[in-house]
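First up is the structure itself, then whatever we jot down about it.
Since every read-out is calculated from the coordinates, none of them should be taken as a lab result. Here the structure is a predicted model, which is why all the values come from computation and not from measurement. Cβ placement follows ideal geometry from the backbone for every residue including glycine, while neighbour counts extend to all protein chains displayed.
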Amino acid sequence: MASNPAALSEPIKGGDGAVAVVHRAADPAPLGLAAFAMTTFALSIGNTNVWGPGADAALALALVYGGGVQLLAGMWEFVRKNTFGALAFSSYGAFWIAYYVFVKFVAPGIKPTDAPVAVGVFLLGWTIFTFYMTIPSFRVSGAVAAVFVLLTITFVLLTVGAFQSSMNWDKAGGWVGVATAAAAWYASFAGVTNETFKRTIIPTFPLAP
């Protein structure tokens, strides 16, 4: 979910002929990644059943940080003309808002016998989306690609767990989800650190030529 530097700035020529680079918007990727990471961590740590109430924290984060803030990051990626970042952050921001709506308003009205299919279909759709987003992620950076590979595995495990009503699959998905959150935090940390220091301090392993 990195930005395209060529679309981030414009040259401004001063009276002395010197050319300065003026950025139109700060890089929203570290913010979007941080919002995704924290919400994913809370829900995943709940799924592992190590700290089950973590899922309750995830619900609050899903609406405000993982949902609202990440959606805003996606909108700023549109401004910076970064199609990949715009689609990823906007979609996963919407995912977290949809998760909040599903848990708070939809799930209570679903028959217990229908719940596995309802949750499974919800997760299956996001599994498919994440899988095909993993392919273009390999043109961004190793750090971002790691997030998408791990997230795809997480969704696969949780989808199977939902359809099978299996706590073991859910726990496995929770642990991979924790790894996904760690990878997203790393990418966020690298983005804000490198941008602040104006040089590469934390490697992200760029993959685009």
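Pick from GLY66, GLY173, GLY52 the residue whose mean-square fluctuation is largest in a GNM of the chain, springs joining Cα atoms under 10 Å. Among GLY66, GLY173, GLY52, the largest GNM mean-square fluctuation belongs to GLY52. Over the chain, DSSP H runs of length four or greater, each weighted -39,500 (n - 2.57), average out per residue to a 222 nm ellipticity of -22000 deg cm²/dmol.
Here the contact order of segment 5-197, divided by its residue count and restricted to Cα pairs under 8 Å and six or more residues apart, works out to 25 percent. Taken about its Cα centre, the chain carries a charge dipole of about 180 debye when Lys and Arg each add +1 at the Cβ and Asp and Glu each add -1 at the Cβ. Comparing PHE89, PHE41, PHE102 in a Gaussian network model of the chain where C-alpha atoms under 10 Å apart are linked, the largest mean-square fluctuation is found at PHE102.
Positive contributions from Lys and Arg (+1) and negative ones from Asp and Glu (-1), summed over other residues with Cβ under 15 Å from the Cβ of THR193, come out at 0.
Quick check: the angle from helix 142-164's long axis to the longest principal axis of the chain, C-alpha only, nearest 10 degrees? The helix 142-164 is inclined about 20 degrees to the chain. What's the angle, to the nearest 10 degrees (0 to 90), between helix 115-137's Cα axis and the longest principal axis of the chain? Here the helix axis deviates by roughly 30 degrees.
For the pair segment 68-110 / segment 116-165, the C-alpha centres are spaced 15 Å from each other. Looking at segment 89-173, the trypsin sites (Lys or Arg not before Pro) that sit in a DSSP loop and have at most 14 other Cβ atoms within 10 Å of their own Cβ are ARG139. Between PHE78, PHE36, PHE105, the GNM of the chain built on Cα springs shorter than 10 angstrom shows PHE105 fluctuating the most.
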